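In what follows, a structure is listed as structure tokens, so that the remarks can point back to it.
The values are calculated or read from the model by the stated rules, or taken from the named source; none is laboratory data. These numbers were taken from a predicted model, which means no experiment stands behind them. Reconstructed Cβ throughout: ideal geometry from the backbone, glycine too, with neighbour counts over all protein chains shown. Each accessible area value is taken on the protein alone, full model and side chains, heavy atoms only, with ligands, DNA and RNA left out. Shrake-Rupley method; radii C 1.70, N 1.55, O 1.52, S 1.80 Å.
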Amino acid sequence: MIPFEVPWPIWVALPALGAWLAADDTSLGQTWFSQPLPAAILTGVILGDPGAAILPGLLMQLVVIGNLPVGASFRLDAAGATVGMVGGSMLAGWSPPANLLSVATWTGPAAESLGWLLVLTVGASLAGGWVVHGERRRRLGWMLDGYRSVRDGDLARLEGLHRRCLLVTLIRGALLTMVWVLVAAWLWNLDVPTRMVGPMRGALGLLPLMVPMLAVGSVSERFGPRRAWRLVLAGSATGFLVAWLAV
């Protein structure tokens, strides 16, 4: 599908979602809808197929599970990357196999396309993180102005600075989301995995299977091995129960 043939409300809804989730990261609300899994599901809702977005959203969620959106430690743009890359690939015609528990879903071309989508989303998240970092460095000057406003008792000016920061975040979220939508749709139409040599395609297909162990390592590093294993086992049991009930 050519993206520009998509109805115009989708072109409004996707950047609007990206803007809201960019603000939700740390600036406004912090509802955690900006985490990759809910962000992907919301993207699927906009495109009329939330089920298709669950798997890439879940894998991206596992990738960033140790990177919590807490203050200056947050160095990724997982929300915009997820909305843009998942949305763009779905607009270009990607969809996961119907049976997520089938061996065919995790091997061969299906796994390779899923791995490629994961690579695109991670790359977009890292690139977007540099934009977030630049935005926050620019805010340092505004923060000093805010201190002076508090010192002078000029609360109206302080509120103006706050609105300016929030507006910049919203614009950044909307623009990055649209950039990733277009990039994802363009790359998906190129069918990059089929152009790779055999070993590279094989490695691409293994990526989705490696992500859970990456998440285990990330949780173990953050919480310590003893506490982490309780969290991993509880999360795995819950996940299997949900998958069993869904199937």
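Scan (1) surrounded by fewer than 21 Cβ atoms within 10 Å (Cβ to Cβ); (2) polar (S, T, N, Q); (3) at pLDDT 90 or above for the single condition N67 breaks and write down its number.
Here N67 meets the rest and fails (3).
Could you list, in sequence order, all residues of region 213-232 that are loosely packed, with under 15 Cβ neighbours inside 10 Å and either under 21 Å from W106 (Cβ atoms) or charged (D, E, K, R) (or both)?
Selection gives M213, G217, E221, R222, R226, R227, R230.
Quick one: which residue in V197, V179, V192, V183 is touching a Gly at 6+ places or on another chain (Cβ under 9 Å), over 18 Å from E135 (Cβ atoms) and not aromatic (F, W, Y)?
V183
Here is a yes/no grid of residues against (1) more than 21 Å from L214 (Cβ to Cβ); (2) open to solvent by 60 Å² or more (accessible area, probe 1.4 Å); (3) hydroxyl-bearing (S, T, Y):
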site	(1), (2), (3)
S27	yes, no, yes
P38	no, no, no
V83	yes, no, no
G93	yes, no, no
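Matching residues to (1) under 27 Å from M213 (Cβ atoms); (2) open to solvent by less than 50 Å² (accessible area, probe 1.4 Å); (3) in a helix (DSSP H, G or I):
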| residue | (1), (2), (3) |
| --- | --- |
| P9 | no, no, yes |
| P15 | no, yes, yes |
| A23 | no, yes, yes |
| T31 | no, no, no |
| I41 | yes, no, yes |
| V45 | no, no, yes |
| L55 | yes, yes, yes |
| M60 | yes, yes, yes |
